1. Taking the range 56-83 as the search range and keeping residues that are in contact (Cβ under 8 Å) with a residue 40 or more places away in the chain and assigned to a strand (DSSP E or B), which one is nearest to Gln13 (Cα to Cα)?
2. Being of a type outside the set (Val, Ile, Thr) and exposed (fewer than 12 other Cβ atoms within 10 Å of the Cβ) is the requirement here; does Gly32 meet it?
3. Would you tally the residues in the range 20-47 being at pLDDT 95 or above and polar (S, T, N, Q)?
4. What do you reckon, is Gln44 in contact (Cβ under 8 Å) with a residue 60 or more places away in the chain and either surrounded by fewer than 21 Cβ atoms within 10 Å (Cβ to Cβ) or charged (D, E, K, R) (or both)?
5. Before we move on, is Arg71 in contact with a helix residue (DSSP H, G or I) (Cβ under 9 Å, 6 or more places away or on another chain), surrounded by 15 or more Cβ atoms within 10 Å (Cβ to Cβ) and of a type in the set (Lys, Arg)?
6. Output yes when any residue across the range 8-28 is surrounded by 14 or more Cβ atoms within 10 Å (Cβ to Cβ), within 15 Å of Thr112 (Cα to Cα) and small (Gly, Ala, Ser), and no when none is.
Amino acid sequence: QVQLAESGGGLVQPGESLRLSCAASGSIFSIGAMAWYRQAPGKQRELVALITPRGLTNYADSVKGRFTISRDNAKRTVALQMNSLKPDDTAVYYCNLESGGIPYWGQGTQVTVSS
């Protein structure tokens with residue numbers, strides 16, 4: 001069984017920064033892509049950023065230039081540095097990884113951007 005533990009969410013003002021972290025534990029043979037998704041109230045869950053095992057990244061257009069995803073393969077962690085946050089970034093953020101063709105999800109962490 002694989003568990004994902006997220007941390008780092010909170011309430012910030014527009015223009016401020018937050019860093020989300022996610023650590024994987026349990027029986028993991030290998031980890032493929034790691035990603036962050038988010039879901040705002042009344043909206044579908046959407047991909048925010050993805051990183052492959054070799055470090056290739058992909059971002060949603062809405063966060064390009066503001067968010068940076070990174071991973072530490074040895075520690076089995078993935079992080080999301082979020083800068084210049086906007087009210088539209090308010091959502092529950094979910095960590096995701098693929099292992100053996102199976103997707104795993106964290107429990108989600110709330111990010112609220114409000115003045």
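The values are calculated or read from the model by the stated rules, or taken from the named source; none is laboratory data. Everything numeric here is computed off the predicted structure, so don't read it as measured data. Quick reminder, even Gly has a Cβ in these numbers, built from the backbone with ideal geometry, and neighbours come from all protein chains shown.
1. Met82
2. The answer is no for Gly32.
3. Qualifying residue count, the range 20-47: 3.
4. In short, no.
5. No: the conditions fail for Arg71.
6. Yes, because at least one residue in the range 8-28 is surrounded by 14 or more Cβ atoms within 10 Å (Cβ to Cβ), within 15 Å of Thr112 (Cα to Cα) and small (Gly, Ala, Ser).
Residues are listed down the side, and each one gets a yes or a no for (1) in contact with a strand residue (DSSP E or B) (Cβ under 6 Å, 6 or more places away or on another chain); (2) of a type in the set (Asp, Glu):
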| site | (1), (2) |
| --- | --- |
| Gln13 | no, no |
| Gly32 | yes, no |
| Lys43 | no, no |
| Arg66 | no, no |
| Glu98 | no, yes |
| Val111 | yes, no |
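Residue-by-condition table, conditions (1) over 16 Å from Val63 (Cβ atoms); (2) out of contact with any Phe, Trp or Tyr (no Cβ under 9 Å at 6 or more places or on another chain):
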{"position": "Gln3", "(1), (2)": "yes, no"}
{"position": "Gly10", "(1), (2)": "yes, yes"}
{"position": "Pro14", "(1), (2)": "no, yes"}
{"position": "Ser21", "(1), (2)": "yes, yes"}
{"position": "Ser25", "(1), (2)": "yes, yes"}
{"position": "Ser30", "(1), (2)": "yes, yes"}
{"position": "Gln39", "(1), (2)": "no, no"}
{"position": "Leu47", "(1), (2)": "no, no"}
